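Engineer: Take this structure first; my questions come after.
The values are calculated or read from the model by the stated rules, or taken from the named source; none is laboratory data. Please read all numbers here as calculations on a predicted model, not as lab measurements. Because the Cβ atoms are built from the backbone with ideal geometry, glycine has one as well, and the counts that use them run over all protein chains shown.
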Amino acid sequence: MVIGYCVGEISLSELTFISDKMPQVGEYVTVEYDDKKVLGMVESLVRGNDALNLDLHDIEAIQTISRIGGSDYYIKGKVKLLGDVDDNLRLPRTPAIPGTPIKMADGEILRNVFNVKNPLKIGTLVNQSDIEVNVEANPILNRHLAILAMTGAGKSNTVAVIIDQLLRYNVPVFVFDMHGEYKDAEFPNGEVNIISPKINPIYMSFNEIRKLVNIPNNAYIQERHFRWAFNKANNLISDGKGSKHKFLGLIQKILHDKSQEEGSDKQIIDVLNKIDDAMLKYNNLFDTNKSNILTSIKIGQVNVLDLSQSDEYVSEVLVSHIMRNSLQMRKNAVHGNDYDNSLEHPVFYIIEEAHILAPNKRDSSSKYWIQRVAREGRKFGLGLCLVSQSPKTVDHDALSQMNNMIILRLVEPEDQRHVQSASESLSKDLIDQLPSLNVGEAIVLGLMTKIPTLVKINEFKGRRTGGDLDIIGDLADYDKNEEEELRSQEEELMGLGYDY
């Protein structure tokens, strides 16, 4: 079906058309010329009337024209050209001729486009619900993914759909669960493996423990004392003269003995006090009987690190610790080094609240290691998914490494600009569509799909917690529970012989 004709100057990447029929933004069209059939996507539309132009200021004239010829309008649209359907969607070398008809793309073409080798079924086309949208799994695992949306737009549902689809391929998914949404979840394609947010300090780096003990970078004397005790504790453990199950306590004892030998050195006393504070504050973080946290990962399951009861600082420590160890242990596995300290299988990490753990305008250890995995992880089988409802506060460098994006409704202009600056394939016209997306609708683009796509994300078929609370219902139940409690007390008192 012809919906319009090319007009004006036409480039190799886009064209303008005029129509008397109203297509929809996001629909796919084809342009046939020079023995080619080029697929395109309608990215913007305007409707106008030559008689009712902006130079017309007379209200009566406007009313008259509207009454007599109000239906004489035109539709102007812009199409982004995606490639020749018969040449693996390569862009043509010559532009179309003005006047060339624009036709709606038929379903068979679109089904072929979304027929990929390792499909993840994520939804259907927004404008054609009979066309299933599949994205390719490997580019997500190798080249990372960002899922971005304002609150309430369907972000958590999208994450759950992606997780469940990855489980079909036995992918070990690891979720940094900031709000406890996944610890009680049920996935049709796999089980949930809960990992406690605890670290054996023997597996922590010097800098990780130094930060926990709160020795700042510019406290050079305190750092020297602490580093000396840290290294001596490791040597004692290696020689079998110290217990790795009491690592921080061993450091503390070494420093205490030193202070006894050398007198009351104020700097050593300050370090000892900081170790005391850390052992008290992070008592729930340390588990001296725990093995390396990465050994808890199970293949083909959703490995959930429940951070809902951890403060932001502890969460940063855990994330940086896991990212650092993952990168080193995967390097060992790939290069055949240190078999006892290697991670033998790839892992796909999902980082919820990425704006907290990889902030845009603040340095943190978790941000540094997220950036490292974003840059280097694909070489060693480490995939990364950043999830956020505040894209503008997510680190730009990390976000720009996400070569695939699922962007649901975004209204704030600064969020939109930040996302567009981090993505090469997100056009201004697509950005303009973000505020008008309904709940569960998303723009999908990147290496995982051959073409940018407007998708209605499938509803997750399993069970998960999270979402908005029913505050009104909870308060109504409170009154009912109060009445029942009073009635129960009255009955109990009457049973004891009291009369009201």
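Engineer: Would you mind stating whether LYS392 is without any contact (Cβ under 8 Å) to a residue 60 or more places away in the chain, part of a loop (DSSP other than H, G, I, E, B) and farther than 21 Å from PRO172 by Cα?
Structural biologist: No: the conditions fail for LYS392.
Engineer: Quick check on LEU45: is it buried (at least 18 other Cβ atoms within 10 Å of the Cβ), within 23 Å of SER129 (Cβ to Cβ), modelled with pLDDT of 80 or more and under 31 Å from the mean Cα position of the chain (by Cα)?
Structural biologist: no
Engineer: Which numbered condition trips up VAL455, out of (1) modelled with pLDDT of 95 or more; (2) among the hydrophobic types (A, V, I, L, M, F, W, C); (3) outside any strand (DSSP E or B)?
Structural biologist: Just one mismatch for VAL455, condition (3).
Engineer: Considering only residues of the stretch 211-231 that are surrounded by fewer than 22 Cβ atoms within 10 Å (Cβ to Cβ) and modelled with pLDDT under 85, which is farthest from MET279 (Cα to Cα)?
Structural biologist: Out of the qualifying residues, it is ASN217.
Engineer: Just checking, does the stretch 354-369 include any residue being under 21 Å from ILE297 (Cα atoms) and over 12 Å from the mean Cα position of the chain (by Cα)?
Structural biologist: The answer is yes, given that some residue of the stretch 354-369 is under 21 Å from ILE297 (Cα atoms) and over 12 Å from the mean Cα position of the chain (by Cα).
Engineer: While we're on this one: So, ILE68, is that one free of Cβ contacts under 8 Å to residues at least 60 places away in the same chain and in contact with a Leu (Cβ under 8 Å, 6 or more places away or on another chain) or not? Break it down into steps so the answer makes sense when it comes.
Structural biologist: Working: free of Cβ contacts under 8 Å to residues at least 60 places away in the same chain: yes; in contact with a Leu (Cβ under 8 Å, 6 or more places away or on another chain): no.
The answer is no for ILE68.
Engineer: If only one of ASN292, ASN341 is within 30 Å of GLN222 (Cα to Cα) and either surrounded by fewer than 18 Cβ atoms within 10 Å (Cβ to Cβ) or of a type outside the set (A, V, I, L, M) (or both), which one is it?
Structural biologist: Just a single option satisfies the conditions, and that option is ASN292.
Engineer: Could you figure out which of (1) closer than 26 Å to VAL29 by Cβ; (2) without any contact (Cβ under 8 Å) to a residue 60 or more places away in the chain; (3) assigned to a helix (DSSP H, G or I) isn't true of GLN165?
Structural biologist: (1)
Engineer: Name the residues in the stretch 136-152 that are more than 20 Å from ASN438 (Cβ to Cβ) and not in a loop (DSSP other than H, G, I, E, B), would you?
Structural biologist: Within the stretch 136-152, GLU136, ALA137, ASN138, PRO139, ILE140, LEU141, ASN142, ARG143, LEU145, ALA146 meet the criteria.
Engineer: Could I ask something else about it? Quick check on my filter: what residues within the stretch 168-186 are surrounded by 22 or more Cβ atoms within 10 Å (Cβ to Cβ) and part of a strand (DSSP E or B)?
Structural biologist: Within the stretch 168-186, VAL173, PHE174, VAL175, PHE176, ASP177 qualify.
Engineer: When you go through ILE251, ILE195, ILE268, ILE221 one by one, which is the residue that is under 30 Å from GLY381 (Cα atoms), among the β-branched types (Val, Ile, Thr) and not assigned by TED's automatic domain parsing to the domain that holds LEU305?
Structural biologist: Just a single option satisfies the conditions, and that option is ILE195.
Engineer: Assess whether TYR74 counts as being among the aromatic types (Phe, Trp, Tyr) and within 36 Å of the chain's Cα centre (by Cα).
Structural biologist: Values: among the aromatic types (Phe, Trp, Tyr): yes; within 36 Å of the chain's Cα centre (by Cα): no.
Spelling it out, it is not the case that TYR74 is among the aromatic types (Phe, Trp, Tyr) and within 36 Å of the chain's Cα centre (by Cα).
Engineer: For the stretch 208-226, how many residues are in contact (Cβ under 8 Å) with a residue 60 or more places away in the chain and charged (D, E, K, R)?
Structural biologist: The total comes to 2.
Engineer: Right, another one. Taking into account only those residues within the stretch 294-314 that are part of a helix (DSSP H, G or I), within 23 Å of the chain's Cα centre (by Cα) and at pLDDT 90 or above, which is nearest to HIS355 (Cα to Cα)?
Structural biologist: LEU294
Engineer: Among the numbered criteria (1) over 21 Å from GLY152 (Cβ atoms); (2) at pLDDT below 90, which one does ASP468 miss?
Structural biologist: (1)
Engineer: Still on this model: Among the candidates ILE251, ILE268, ILE275, which residue alone is touching a residue at least 24 places away in the same chain (Cβ under 8 Å), in a helix (DSSP H, G or I), in contact with a Lys or Arg (Cβ under 7 Å, 6 or more places away or on another chain) and over 30 Å from GLY180 (Cβ atoms)?
Structural biologist: Step by step, each of ILE251, ILE268, ILE275 is checked, and only ILE268 is touching a residue at least 24 places away in the same chain (Cβ under 8 Å), in a helix (DSSP H, G or I), in contact with a Lys or Arg (Cβ under 7 Å, 6 or more places away or on another chain) and over 30 Å from GLY180 (Cβ atoms).
Engineer: Only residues that are over 15 Å from the mean Cα position of the chain (by Cα) and of a type in the set (Val, Ile, Thr): list them for the stretch 123-170, please.
Structural biologist: Passing the criteria: THR124, VAL126, ILE131, VAL133, VAL135.
Engineer: Inspect the stretch 54-64 for any residue being closer than 30 Å to LYS450 by Cα, of a type outside the set (D, E, K, R) and surrounded by 13 or more Cβ atoms within 10 Å (Cβ to Cβ) and give the result as yes or no.
Structural biologist: no
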